[in-house]
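The values are calculated or read from the model by the stated rules, or taken from the named source; none is laboratory data. Here the structure is a predicted model, which means the values were calculated and not measured. Note that we place each Cβ from the backbone using ideal geometry, even for glycine, and neighbour counts take in every protein chain shown. SASA here: full protein model, heavy atoms, side chains in, ligands and nucleic acids out. Shrake-Rupley method; radii C 1.70, N 1.55, O 1.52, S 1.80 Å.
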Amino acid sequence: MTSSLPQLSAKTPGILRRPEAPSPGIVHLGLGNFHRAHQAVYTDAAVAANGGDWGIIGVSSRSSAIPDAMHAQDMLYTVVEISPEGSTFSVPQVHTDAFTAAGNPGRVISAIGDAATRIVSLTVTENGYNYTPATGSLNLQDPAIQHDLLHPEAPRTPIGQIVRGLQHRSRTHAEPVTILSCDNLADNGHHTRRLVREFASLLPPAEAADTLAFIDTCTSFPSSMVDRIVPATTDHYRKLVTARRGYTDRIPVPAEPFTMWIVEDNFIAGRPVWEAGGAVFSDEVAGYEQLKVRLLNGTHSLIAYLGALSGTVTIPESVSDSHIELAARSVLRSEYLPSVSVPAGVDVAAYEEQLFSRWRNTALGHRTSQVGSDGSVKLRQRIPLPALQMLDDGRMPQLLALTAAAYLSCIAPLAGFDPGPQAEAMEDPARGLLAGLAAGARSGRELAGKVLGDHHLLGEELAQRSEFLERTGEFIDIIRSAGPLAAIAEASAPSSLTAAPILQTTKGTP
Ligand code: CS2
């Protein structure tokens with residue numbers, strides 16, 4: 001017979017509960033797997049090493065599955081570190097409460113508004129910021145944002161929840177608070193501040209003035225670069241925990257052994273000693289973010305879309321195809337890297353090798369459909385700046401165009417083209433819109449023209465670059481008529497490729 005987590009934790013020295021739980025000091029929006037295998041682990045290490053009232057109140061946006069399971073398990077869950085060499089298990093002990101925002105909007109406002117809350121952190125995905133990919137501004141057409149502007153007591157969006165919580169603070173105790181984005185957005189601190197200020201400026205004039213004044217004097221928005229591959233939980237991991245640890249955990253989190261967190265040290269109301277868990281505080285977060293969002297996330301997208309179109313279920317399977325590996329190395333080195341201000345001391349060649357070895361971690365089973373989801377918001381962060389830089393230099397970013405083409409082939413296939421089950425399993429907020437555009441398009445060129453040109457899916461500037469739109473359209477047509485490998489061959493043909501030397505390296509790994 002298996003026992004529940006808390007009972008086992010009392011019996012097994014490795015996961016004995018700390019005698020005193022920290023009081024809450026952090027409200028975290030987005031209680032998904034990533035947060036529970038990343039920030040929670042660093043916070044656990046900080047509290048274990050240094051104490052402090054840095055317990056986390058976890059807020060899940062719609063689903064009650066994780067909060068319910070957390071309550072049933074005494075706020076505990078297992079992080080299962082997976083590598084081909086084996087698995088290790090740990091149980092973070094920092095969550096003090098968990099609830100679902102939907103149905104409890106007032107509770108979100110009061111948690112953010114509580115004077116004891118000194119950090120509000122977010123992992124709500126690129127899609128959770130309700131911004132317009134074309135401009136980077138708050139999406140005022142979004143019904144959820146319109147709702148939040150009209151209903152002060154019941155915000156649904158993270159930006160609305162934060163602003164209403166900040167209003168609560170400014171009207172009551174006016175204690176300062178840090179808002180910490182932990183999502184894969186370039187310049188995520190500035191981006192979040194901009195959206196929060198935009199929302200606040202749309203409030204009735206007197207409220208807007210007070211709220212903006214509070215934001216400008218009593219909040220800070222550090223940027224941070226987060227990195228850890230965290231696949232979705234499956235029954236496999238539940239069974240593994242039961243078999244290896246002897247207890248039942250409904251919500252274990254699988255994660256790769258690698259983890260990295262680079263944070264700007266700009267916390268207006270204090271912070272945990274996250275260094276205890278290995279976090280690095282740096283003035284070069286922007287460079288690390290570029291490196292990660294482009295080399296890791298951007299290349300990851302290409303691997304996911306080409307893999308899905310080739311019928312592979314997982315990222316390790318996809319990247320082990322020599323053609324896809326070639327395309328991935330090429331986009332990373334020749335098209336993403338030149339746009340990155342590499343932080344001092346980072347050995348880019350070692351970083352590249354480390355990425356490929358992380359992607360090859362077969363034990364993780366990271367799915368192409370997971371990485372390929374939400375491309376309409378993710379690719380906006382990854383493709384435009386490097387592509388524009390190359391186009392301005394008179395060079396065609398072949399593999400960035402191929403990334404856009406492979407994405408559209410998966411999410412908005414032209415009539416008669418079947419992208420396969422992995423592509424069908426990808427979720428995307430723009431799927432309906434793009435499918436409608438695809439239905440009316442006769443060719444890849446027409447589709448790319450509508451999506452990238454008319455709808456500015458990759459921003460206004462790239463929408464003007466007809467040569468990029470045409471190349472993307474050509475790749476869509478090649479994928480449809482001859483498959484993804486033919487498109488890789490075309491993108492990699494000597495006449496297409498921009499020659500780039502192997503990377504310049506400096507000492508030290510990131
Ligand atoms: C992936 C990321 O889904 C994606 O777009 O690229 O989730 C990636 O696994 C993480 O950012 C790694 O830190």
- request: Test PRO222 against the stated conditions and say whether it is in a loop (DSSP other than H, G, I, E, B) and either of a type in the set (Val, Ile, Thr) or in the same structural domain as ILE56 (by TED's automatic domain parsing) (or both).
  value: yes
message: With the requirement that a residue be in a loop (DSSP other than H, G, I, E, B) and surrounded by fewer than 23 Cβ atoms within 10 Å (Cβ to Cβ), what does the stretch 31-46 give you?
response: GLY32
query: What are the residues in the stretch 125-146 that are open to solvent by less than 30 Å² (accessible area, probe 1.4 Å) and either among the aliphatic types (A, V, I, L, M) or not in a loop (DSSP other than H, G, I, E, B) (or both), if any?
result: GLU126, GLY128, TYR129, TYR131, ALA134, LEU138, ALA144, ILE145
- prompt: Between residues in the stretch 66-79 that are within 15 Å of GLY55 (Cβ to Cβ) and touching a residue at least 60 places away in the same chain (Cβ under 8 Å) and residues that are open to solvent by 20 Å² or more (accessible area, probe 1.4 Å) and among the hydroxyl-bearing types (Ser, Thr, Tyr), which pairs lie under 9 Å by C-beta distance while being six or more apart or on different chains?
  reply: ASP74/SER4
field: Identity of the residue in the stretch 147-189, open to solvent by less than 50 Å² (accessible area, probe 1.4 Å) and β-branched (Val, Ile, Thr), that ends up farthest from GLU284 (Cα to Cα)
entry: THR157
message: Please count how many residues of the stretch 374-385 are more than 16 Å from CYS410 (Cα to Cα) and within 10 Å of the ligand (Cβ to nearest atom).
response: 2
statement: the stretch 233-318: helices (runs of 4 or more DSSP H) wholly inside it with 3 or more residues that are surrounded by fewer than 20 Cβ atoms within 10 Å (Cβ to Cβ) are 235-245
message: When the residues of the stretch 267-302 are narrowed to those that are among the charged types (D, E, K, R) and out of contact with any strand residue (DSSP E or B) (no Cβ under 9 Å at 6 or more places or on another chain), which ends up nearest to the ligand (Cβ to nearest atom)?
response: ARG294
query: Taking the stretch 328-354, which residues are open to solvent by 10 Å² or more (accessible area, probe 1.4 Å) and in a loop (DSSP other than H, G, I, E, B)?
result: VAL340, SER341, VAL342, ALA344, GLY345, ASP347
query: Could you count how many residues in the stretch 379-391 are at pLDDT 95 or above and more than 21 Å from GLU474 (Cβ to Cβ)?
result: 2
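For (1) within 14 Å of the ligand (Cβ to nearest atom); (2) more than 23 Å from GLU289 (Cβ to Cβ), each residue gets a yes or a no:
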residue: SER341; (1), (2): no, no
residue: ALA349; (1), (2): no, no
residue: SER369; (1), (2): yes, yes
residue: GLY372; (1), (2): yes, no
residue: ALA387; (1), (2): no, no
residue: CYS410; (1), (2): yes, yes
- prompt: Going by the structure shown, is LEU185 closer than 12 Å to LEU122 by Cβ, within 16 Å of the ligand (Cβ to nearest atom), aliphatic (A, V, I, L, M) and in contact with a helix residue (DSSP H, G or I) (Cβ under 9 Å, 6 or more places away or on another chain)?
  reply: yes
- request: Given the conditions (1) more than 16 Å from the ligand (Cβ to nearest atom); (2) open to solvent by 10 Å² or more (accessible area, probe 1.4 Å); (3) closer than 26 Å to THR125 by Cβ; (4) part of a helix (DSSP H, G or I), report the number of the one that ALA69 does not fulfil.
  value: (2)
- prompt: Going by the conditions given, is ALA116 open to solvent by 10 Å² or more (accessible area, probe 1.4 Å), more than 23 Å from the chain's Cα centre (by Cα) and not assigned by TED's automatic domain parsing to the domain that holds ARG380?
  reply: yes
Out of VAL230, VAL313, VAL253, sole residue that is within 29 Å of CYS410 (Cα to Cα), in the same structural domain as GLY52 (by TED's automatic domain parsing) and away from the ligand (no atom under 13 Å from the Cβ): VAL253
task: Spot the failing condition for GLU325; the list is (1) at pLDDT 95 or above; (2) under 23 Å from ASP428 (Cβ atoms); (3) open to solvent by 10 Å² or more (accessible area, probe 1.4 Å), and only one is missed.
output: (2)
query: Where residues in the stretch 355-367 are charged (D, E, K, R) and within 13 Å of the ligand (Cβ to nearest atom), which of them is nearest to the chain's Cα centre (by Cα)?
result: ARG367
query: Out of PHE199, PHE214, which single residue is assigned to a helix (DSSP H, G or I), closer than 29 Å to ASP374 by Cβ, more than 16 Å from the ligand (Cβ to nearest atom) and open to solvent by less than 30 Å² (accessible area, probe 1.4 Å)?
result: PHE199
field: Residues that are under 15 Å from VAL451 (Cα atoms), assigned to a loop (DSSP other than H, G, I, E, B) and either open to solvent by 10 Å² or more (accessible area, probe 1.4 Å) or not assigned by TED's automatic domain parsing to the domain that holds GLU474 (or both), drawn from the stretch 379-413
entry: PRO413
statement: Selection from the stretch 26-65 of residues of a type in the set (S, T, N, Q) and within 16 Å of the ligand (Cβ to nearest atom) yields ASN33, GLN39
query: When the residues of the stretch 445-498 are filtered to those that are at pLDDT 95 or above and β-branched (Val, Ile, Thr), which remaining residue is nearest to LEU433 (Cα to Cα)?
result: VAL451
query: Going by the structure shown, is ILE66 among the aliphatic types (A, V, I, L, M) and either more than 23 Å from PHE267 (Cα to Cα) or not assigned by TED's automatic domain parsing to the domain that holds TRP274 (or both)?
result: yes
task: Give me the pairs, please: first residue somewhere in the stretch 352-372 and within 21 Å of VAL80 (Cβ to Cβ) and in the same structural domain as LEU326 (by TED's automatic domain parsing), second residue anywhere and part of a helix (DSSP H, G or I) and within 12 Å of the ligand (Cβ to nearest atom), beta-carbon distance under 6 Å, and either six or more positions apart or on two chains.
output: TRP359/ILE315; HIS366/ILE315; VAL371/HIS300; VAL371/ALA304
